[in-house]
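Below is one structure, written out as structure tokens, with a few remarks after it.
The values are calculated or read from the model by the stated rules, or taken from the named source; none is laboratory data. Just so you know, these numbers come straight off a predicted model, no measurement behind them. Positions of Cβ are backbone-derived with ideal geometry, glycine not excepted, and every protein chain shown enters the neighbour counts. Side chains included, ligands, DNA and RNA excluded: accessible areas come from the protein's heavy atoms. Shrake-Rupley method; radii C 1.70, N 1.55, O 1.52, S 1.80 Å.
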Amino acid sequence: MITGTTKLLGVIGHPVEHSLSPLMHNAALTKLGLNYIYLPFPIEPQNLAKALDGFAAIGVVGFNATIPHKRAIIPLLSQIDPIAQAVGAVNTVFRENDRWIGTNTDVEGFIAPLQLLERDWSQVVAVVLGNGGAARAVVAGCTQLGCASVHVVGRNLPKLQEFRDNWQDSPLKVNLQVHQWDSLPKIIQQANLLINTTPIGMHPHIENSPLDAQLFAHLPKDTIIYDLIYTPSPTKFLQYAQAQGVTAIDGLEMLVQQGAAALKIWLQQDVPVDVMRQTLQQHLYRG
Ligand code: NAP
């Protein structure tokens with residue numbers, strides 16, 4: 001029930017209608033019995049600064065940022081933490097001493113399901129497909145895990161080079177190489193962790209996969225296959241992985257865990273991750 005003391009959280013984006021964050025955060029807040037509400041705010045890029053001032057004026061506790069604000073918001077914040085600096089993007093903003101502080105919980109979300117696996121990460125070669133926004137959090141995550149090296153494979157050489165060059169100013173020491181898509185058959189022979197950060201295979205193009213079945217045969221037998229996509233589940237990419245009998249991880253847990261990490265920051269207490277996960281599963285796969 002909304003009352004005179006209800007506190008406000010939310011997500012800014014443009015568009016933001018598709019965001020699943022209100023669903024999972026409100027489910028968690030209800031479970032906790034807290035007088036908070038989490039709302040979607042469609043903010044056009046030119047209104048970002050005004051929105052931040054407005055949020056401060058009305059006492060918003062914190063908010064998530066999604067496309068197109070994840071990078072654009074950085075100069076408007078008082079401070080960003082080292083992980084957001086490393087990624088070069090902010091997905092979570094909180095208020096501290098009347099200042100907006102930015103962080104990035106995508107990294108924690110990405111590594112959460114990997115940390116459940118028994119692996120000597122210092123021996124792991126990670127191969128990342130795609131060089132967009134999510135790939136930046138993935139590269140930071142692989143580096144935090146301690147992977148031996150990270151190879152990013154993309155289709156556009158200037159963008160790949162820019163991606164590589166951006167890491168040179170990062171506080172995170174990344175052992176990174178970039179490669180064009182046609183080197184994939186060779187690169188994946190060394191991959192112990194292969195991550196799809198492209199939208200290839202995402203609903204409604206569910207028959208597509210960044211790798212065909214033939215290429216999967218080139219992978220080492222213990223490779224972990226990770227697809228950031230969560231609809232459908234499993235994607236074609238993960239179906240190929242399952243057919244090879246290797247570990248396959250979809251993007252749902254990353255989505256849940258980045259949300260849980262953000263909610264913990266705002267509430268300063270433990271949050272019901274199970275409720276967040278079940279709410280999304282129900283909505284996405286059984287709705
Ligand atoms: P983005 O910034 O647009 O990056 C997409 C990347 O994929 C770009 O490097 C793009 O290449 C590449 N790409 C697109 N189509 C391709 C194709 N046909 N062949 C080869 N490369 C292709 O998007 P993003 O924000 O990183 O998101 C990427 C995916 O991750 C989406 O499916 C999104 O839903 C998912 N995601 C999931 C989570 C989660 O919590 N599970 C979080 C974030 C993102 P160019 O640079 O050459 O255009």
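With closer than 27 Å to P210 by Cβ and either open to solvent by 40 Å² or more (accessible area, probe 1.4 Å) or among the polar types (S, T, N, Q) (or both) as the only criterion, which of N91, N97 stands out?
Values: N97 fails: closer than 27 Å to P210 by Cβ.
Result of the check over N91, N97: N91.
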| said: When you scan the range 57-68, do you find a residue that is touching a residue at least 60 places away in the same chain (Cβ under 8 Å), surrounded by 14 or more Cβ atoms within 10 Å (Cβ to Cβ) and more than 16 Å from the ligand (Cβ to nearest atom), even just one? | reply: yes
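Of the residues H25, H18, which is closer than 21 Å to E96 by Cβ and either within 22 Å of the chain's Cα centre (by Cα) or surrounded by fewer than 16 Cβ atoms within 10 Å (Cβ to Cβ) (or both)?
On the way: H18 fails: closer than 21 Å to E96 by Cβ.
Result of the check over H25, H18: H25.
Take the conditions open to solvent by less than 70 Å² (accessible area, probe 1.4 Å) and of a type outside the set (F, W, Y) and apply them to N47. Does it pass?
Details: open to solvent by less than 70 Å² (accessible area, probe 1.4 Å): yes; of a type outside the set (F, W, Y): yes.
Spelling it out, N47 is indeed open to solvent by less than 70 Å² (accessible area, probe 1.4 Å) and of a type outside the set (F, W, Y).
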